[in-house]
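Structure, as structure tokens:
The values are calculated or read from the model by the stated rules, or taken from the named source; none is laboratory data. Keep in mind it's a predicted model, so treat the numbers as computed, not measured. When we count neighbours, we look across all protein chains shown, and the Cβ atoms used for this are built from the backbone with ideal geometry, even at glycine. Heads up: the accessible areas ignore ligands, DNA and RNA and are worked out on the full protein's heavy atoms, side chains in. Shrake-Rupley method; radii C 1.70, N 1.55, O 1.52, S 1.80 Å.
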Amino acid sequence: MSTNAGATSNKRWPTIRFNVNGEARRVKVPPMKRLLDVLREDLHLTGTKEGCGEGECGSCSVRLNGELVNSCLIPVMQAEGADIQTVEGLALDGKLHPLQEAFLCHGGAQCGICTPGMLMAAAQLLELNQHPAMPEIREALAGNLCRCTGFIRIFESVAAAVDAESAGSATKLTTEQMHHTR
Ligand code: FES
Ligand code: FES
């Protein structure tokens with residue numbers, strides 16, 4: 001389904017199409033407008049946050065065609081035809097993503113400005129490596145800055161999500177094995 005974000009529509013501007021969180025969207029905006037601003041202002045996806053606005057803090061991280069990018073550095077025209085995932089796309093059917101659950105339970109979020117970017121960076125890591133060790137978690141989140149938590153609780157939250165997922169897989173495996181042995 002296409003959704004036309006008409007708040008800033010202008011006949012002079014090109015229509016730019018892409019998918020956001022699995023949904024086809026189109027916007028008519030200045031082509032150099034930052035993807036961050038298009039997401040927040042035109043598509044009202046305000047989960048993605050602006051920190052530095054200069055590509056330094058990672059608060060605006062989204063996934064673009066499977067790559068983690070700083071949306072404050074991406075002119076929206078570069079996203080034409082892309083698949084974009086924002087933090088709003090992590091929860092599924094109203095159920096929080098395991099990373100979100102872990103951040104809640106382990107104090108990974110305080111003021112929350114860095115949190116969406118941290119979650120997207122962690123989600124990107126887990127997409128590539130389902131069982132990262134702590135040094136890999138630290139490295140994957142190295143481009144994301146937090147002024148509140150001192151980072152430790154964030155790293156622990158990601159590690160807890162990994163553990164929870166591993167336990168979930170083990171449970172699932174056990175259940176499947178039970179079915180096979182009947
Ligand atoms: S707001 Fe984009 S990297 Fe800081
Ligand atoms: S929780 Fe405040 S910047 Fe990270």
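Within the span defined as segment 57-67, one or more residues are open to solvent by 70 Å² or more (accessible area, probe 1.4 Å), within 17 Å of residue 119 (Cβ to Cβ) and not in a loop (DSSP other than H, G, I, E, B). In segment 125-135, is there at least one residue being open to solvent by 10 Å² or more (accessible area, probe 1.4 Å) and in contact (Cβ under 8 Å) with a residue 60 or more places away in the chain? Checking segment 125-135: at least one residue is open to solvent by 10 Å² or more (accessible area, probe 1.4 Å) and in contact (Cβ under 8 Å) with a residue 60 or more places away in the chain.
Residues in segment 17-41 that are over 17 Å from residue 120 (Cβ atoms) and buried (at least 21 other Cβ atoms within 10 Å of the Cβ): 25, 27, 29.
The number of residues in segment 37-68 being away from ligand 1 (no atom under 14 Å from the Cβ) and either hydrophobic (A, V, I, L, M, F, W, C) or without any contact (Cβ under 8 Å) to a residue 60 or more places away in the chain (or both) comes to 7. Among the conditions (1) open to solvent by less than 70 Å² (accessible area, probe 1.4 Å); (2) of a type in the set (S, T, N, Q); (3) part of a loop (DSSP other than H, G, I, E, B), the only one that residue 110 does not satisfy is (1). Considering segment 71-103, and only residues there that are outside any helix (DSSP H, G or I) and without any contact (Cβ under 8 Å) to a residue 24 or more places away in the chain, the residue that is nearest to ligand 2 (Cβ to nearest atom) turns out to be 96. Just to be sure before I move on: is residue 48 open to solvent by less than 40 Å² (accessible area, probe 1.4 Å), at pLDDT 95 or above and not basic (Lys, Arg) in the structure I sent? In short, yes. Which one of these is closer than 20 Å to residue 56 by Cβ, out of contact with any strand residue (DSSP E or B) (no Cβ under 7 Å at 6 or more places or on another chain) and at pLDDT below 95: 115, 149? From the options 115, 149, the qualifying one is 149. Evaluated against (1) among the hydrophobic types (A, V, I, L, M, F, W, C); (2) within 26 Å of residue 145 (Cα to Cα); (3) away from ligand 1 (no atom under 15 Å from the Cβ), residue 73 falls short on exactly one condition, (3). For residue 100, state whether it is within 13 Å of the chain's Cα centre (by Cα) and either over 27 Å from residue 29 (Cβ atoms) or buried (at least 24 other Cβ atoms within 10 Å of the Cβ) (or both). Answer is yes for this residue.
Within segment 136-168, the set of residues being assigned to a helix (DSSP H, G or I), open to solvent by less than 80 Å² (accessible area, probe 1.4 Å), more than 13 Å from residue 122 (Cα to Cα) and in contact with a helix residue (DSSP H, G or I) (Cβ under 7 Å, 6 or more places away or on another chain) comprises 164 only.
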